[in-house]
């Protein structure tokens, strides 16, 4: 108990501040856990005539997936929920937790410490898998659904991060050619149809790319764009556009803390590969204005 007139010394003040910081972190973890329980309850799934439907009662977003999917309902629902939860973390939770990464700088002697990742952020964040199917741009049946929700080729982390992108475009984006740079040097990843469209020379991504947008129409990728915290962007797009295209946008939730790492997973190359499943990875890389 604090004695009237007693003034704490600097060591006591520091110890008290550390305890309060630790307690606030534990309390925030409880809030995050409660958030996920509450937020998950806002998403409803239903099956009607072989079509899986979901609706987010908070954002009013809704989508219809597939055709004759009764036998794959649980598998498709789990895949859709995974994509939704990853998007919710980036779009809703991460911006609110971002301030906690520098809260420790209020503690004596720590004003110059780098942002603290744990316990709310991971070294790597994964988004997707995105596809024309999971975005509701194309219907598919039980036989083909796995290629859209379970991309099977995994890019090795040793290849480093994507720093440049090109490919082939025609009416749509037929192929992506991704240039990676890591400790072991540079490498190239090719996803899609090597025969379609015309070649598009690789261009450097915006520095510290932290946001992306992908548009799908029917079974094709129409456009893919890369953005950073300064709204600098680079896009690869086909000639054919449609107001019925289904768009996914990551938003700015990761900016300042994460940058694009790789197209972590993708489906084996063939003509419709870019309509099939793609999983993205973003690495922990805090960025300040001085870094540009």
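State yes or no: is residue 77 free of Cβ contacts under 8 Å to residues at least 24 places away in the same chain and closer than 17 Å to residue 139 by Cβ? Show your work before the answer.
Working: free of Cβ contacts under 8 Å to residues at least 24 places away in the same chain: no; closer than 17 Å to residue 139 by Cβ: yes.
Against the criterion (free of Cβ contacts under 8 Å to residues at least 24 places away in the same chain and closer than 17 Å to residue 139 by Cβ), residue 77 does not qualify.
Restricting to region 112-133, give me the number of residues that are in contact with a strand residue (DSSP E or B) (Cβ under 8 Å, 6 or more places away or on another chain) and farther than 19 Å from residue 288 by Cβ. Working first, answer last.
From region 112-133, those in contact with a strand residue (DSSP E or B) (Cβ under 8 Å, 6 or more places away or on another chain) are 117, 121-133; that's our starting set.
Within this subset, residues satisfying the condition of being farther than 19 Å from residue 288 by Cβ are 122-133.
So the answer is 12.
Mind listing whichever residues of region 157-185 are farther than 24 Å from residue 198 by Cβ and more than 18 Å from the chain's Cα centre (by Cα)? Let's see the steps before the verdict.
Step one: list which residues in region 157-185 are farther than 24 Å from residue 198 by Cβ, which gives 157-161, 181-185.
Scanning region 157-185 gives 158, 159, 181, 182, 183, 184, 185.
For a quick check of your reading: which strands (runs of 3 or more DSSP E) sit entirely within region 103-209 and have at least 2 residues that are buried (at least 20 other Cβ atoms within 10 Å of the Cβ)? Steps first, answer last, please.
On the way: elements: 124-130, 161-169, 173-182, 185-192, 198-204.
In region 103-209, the matching strands (runs of 3 or more DSSP E) lie at 124-130, 161-169, 173-182, 185-192.
Quick check on my filter: what residues within region 86-100 are surrounded by 15 or more Cβ atoms within 10 Å (Cβ to Cβ) and within 19 Å of the chain's Cα centre (by Cα)? Working first, answer last.
So the first thing to find is which residues in region 86-100 are surrounded by 15 or more Cβ atoms within 10 Å (Cβ to Cβ), and the list is 86-95, 97-98, 100.
Across region 86-100, the qualifying residues are 86, 87, 88, 89, 90, 91, 92, 93, 94, 95, 97, 98.
Please verify whether region 6-13 includes one or more residues that are at pLDDT 95 or above and surrounded by fewer than 12 Cβ atoms within 10 Å (Cβ to Cβ). Before you say what the answer is, go through the steps one by one.
First pass over region 6-13, keeping only residues at pLDDT 95 or above: none.
Checked region 6-13: no residue is at pLDDT 95 or above and surrounded by fewer than 12 Cβ atoms within 10 Å (Cβ to Cβ).
Against the definition (outside the structural domain of residue 244 (by TED's automatic domain parsing), assigned to a helix (DSSP H, G or I), closer than 15 Å to residue 130 by Cα and free of Cβ contacts under 8 Å to residues at least 60 places away in the same chain), how does residue 86 come out, yes or no?
Details: outside the structural domain of residue 244 (by TED's automatic domain parsing): yes; assigned to a helix (DSSP H, G or I): yes; closer than 15 Å to residue 130 by Cα: yes; free of Cβ contacts under 8 Å to residues at least 60 places away in the same chain: yes.
Taking the combined requirement at face value, the residue satisfies it.
Which members of region 230-266 meet the condition of being within 18 Å of the chain's Cα centre (by Cα) and either in the same structural domain as residue 63 (by TED's automatic domain parsing) or under 28 Å from residue 195 (Cβ atoms) (or both)? Break it down stepwise before answering.
Start the filter on region 230-266 by keeping residues that are within 18 Å of the chain's Cα centre (by Cα), which leaves 231, 233-235, 246-266.
Within region 230-266, 234, 235, 246, 247, 248, 260, 262, 263, 264, 265, 266 qualify.
Would region 219-230 turn up any residue that is at pLDDT 95 or above and at positive phi?
Looking for residues that are at pLDDT 95 or above and at positive phi, one finds none in region 219-230, hence no.
Can we say residue 109 is on the phi > 0 side of the Ramachandran plot and touching a strand residue (DSSP E or B) at 6+ places or on another chain (Cβ under 9 Å)?
Values: on the phi > 0 side of the Ramachandran plot: yes; touching a strand residue (DSSP E or B) at 6+ places or on another chain (Cβ under 9 Å): no.
In short, no.
Among (1) at pLDDT 95 or above; (2) part of a helix (DSSP H, G or I); (3) crowded, with 16+ Cβ neighbours inside 10 Å, where does residue 22 come up short?
Of the numbered conditions (1) at pLDDT 95 or above; (2) part of a helix (DSSP H, G or I); (3) crowded, with 16+ Cβ neighbours inside 10 Å, the odd one out for residue 22 is (3).
So which of 77, 29 is outside any loop (DSSP other than H, G, I, E, B) and touching a strand residue (DSSP E or B) at 6+ places or on another chain (Cβ under 8 Å)? Before you say what the answer is, go through the steps one by one.
Numbers: 29 fails: touching a strand residue (DSSP E or B) at 6+ places or on another chain (Cβ under 8 Å).
Just one listed residue meets the conditions, 77.
Could you please give the count of residues in region 268-292 that are modelled with pLDDT under 85 and closer than 18 Å to residue 191 by Cβ?
Residues in region 268-292 being modelled with pLDDT under 85 and closer than 18 Å to residue 191 by Cβ: 6 in total.
Those residues that are touching a strand residue (DSSP E or B) at 6+ places or on another chain (Cβ under 8 Å) and within 19 Å of residue 137 (Cβ to Cβ), I need them from region 53-74; list them, please.
Correct list: 53, 54, 55, 56, 61, 62, 63, 64, 65, 66, 67, 69.
The values are calculated or read from the model by the stated rules, or taken from the named source; none is laboratory data. Not measured: the values here are computed from a predicted model. All Cβ positions, glycine included, derive from the backbone under ideal geometry; neighbour counts span all protein chains shown.
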